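Only one structure is covered here, and it is reproduced in the block below.
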Amino acid sequence: METDADTIIKLSVFVILMAIGVWYLFRGSWIYMFWLILTALDLVYLFFVILANTTSAADLIPPLIILVALIFWINKMEKKY
């Protein structure tokens with residue numbers, strides 16, 4: 001019969017090995033994946049801000065600034081590689 005500590009240790013080792021495997025699989029494209037995830041989250045946020053009934057111009061400024069910064073970042077990264 002296993003104790004809780006043994007199960008936690010086995011799960012921790014499993015999670016570490018899975019993280020190493022994912023990093024190894026995507027090691028060349030993790031920056032682009034990170035950019036895509038951030039852009040998708042920002043666009044979803046912008047979509048919900050636009051569809052909210054109480055939107056004003058001040059509510060739209062932060063997600064638009066974040067989107068412009070993300071586009072600037074990916075252009076800079078493409079020039080680097």
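Quick note: the coordinates plus some simple rules give every number you see, no bench work behind them. Since the structure is predicted, the reported quantities are computational estimates derived from the model, not experimental observations. Note that each Cβ is placed from the backbone with ideal geometry, even for glycine, and that neighbours are counted across all protein chains shown.
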Contour minus Cα-Cα distance for residue 6 and residue 47 (0.36 nm per residue): 10.2 nm
Starting from the Kirkwood radius over alpha-carbon pairs of region 1-49, derive D by Stokes-Einstein at 20 °C in a medium of 1.002 mPa s and give it in µm² s⁻¹. 158 µm²/s
Could the peptides 43-51, 62-70, 12-20 be put in order, highest first, of the mean number of other beta-carbon atoms found within 10 Å of their residues? 62-70, 43-51, 12-20
Would you mind getting me the FRET efficiency between residue 37 and residue 65? Use the beta-carbon distance for r and R0 = 25 Å, nearest 0.05. 0.85
Given contacts defined as C-alpha pairs under 8 Å and at least six residues apart, what's the relative contact order of the chain, whole-number percent? 27 percent
Per the Kirkwood treatment, what hydrodynamic radius in Å, one decimal, follows for region 4-80 from the mean inverse distance over all distinct Cα pairs? 15.5 Å
